[in-house]
Amino acid sequence: MDGYCSRRGFLMGTVAVGVAALSPVALAQPAAALATAPASTLRRSTFTPLLGASFKMAHGRVTVPVTLTSIADLPEAPAGDQGRFSLRFLAAGRLPLPQDSYSFTNAKLSVTLFVVPVGPPSTSQPYLAVINNR
């Protein structure tokens, strides 16, 4: 089928574009100050120590503070699978931003993820990213 792009291919391309877009930022800072994550580091063990950490979720001129609130198994993946899991971020007091690729940055990690707002709008907005390196 012409023009077909698998979800994995799309996510890998999105990460590559995000890493390329962030490269000038990373080069302008000391190497120890910011680690830009290549696709190979999209592993559960990369995010586990950051559970509860604050991130800046950014796209264009929009920047929203979020917190990594949970890491969960995907339905068909073995429990604790390093390459197949979901991340849930929470933004307090925000109307939902549209599903899109956003850069997530904090002092220890910078990565681009495709996220989807989940649940009805309320006093806080959860966003879900699915990592499926299968």
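The values are calculated or read from the model by the stated rules, or taken from the named source; none is laboratory data. If you're wondering where the values come from, they're calculated on a predicted model, not measured in any experiment. Every residue, glycine among them, receives a Cβ derived from its backbone with ideal geometry; neighbour counts consider all protein chains shown.
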Select, from 97, 68, the only residue that is closer than 22 Å to residue 124 by Cβ, in contact with a Gly (Cβ under 9 Å, 6 or more places away or on another chain) and surrounded by 16 or more Cβ atoms within 10 Å (Cβ to Cβ). 68
Exclusive hit being out of contact with any Asp or Glu (no Cβ under 8 Å at 6 or more places or on another chain) and over 26 Å from residue 120 (Cα atoms), set 90, 42: 42
For residue 42, which of the numbered conditions (1) modelled with pLDDT of 95 or more; (2) within 12 Å of the chain's Cα centre (by Cα) fails to hold? (1)
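For region 100-111, indicate whether the set of residues that are over 19 Å from residue 44 (Cβ atoms) and of a type in the set (Asp, Glu) is non-empty.
The answer is yes, given that some residue of region 100-111 is over 19 Å from residue 44 (Cβ atoms) and of a type in the set (Asp, Glu).
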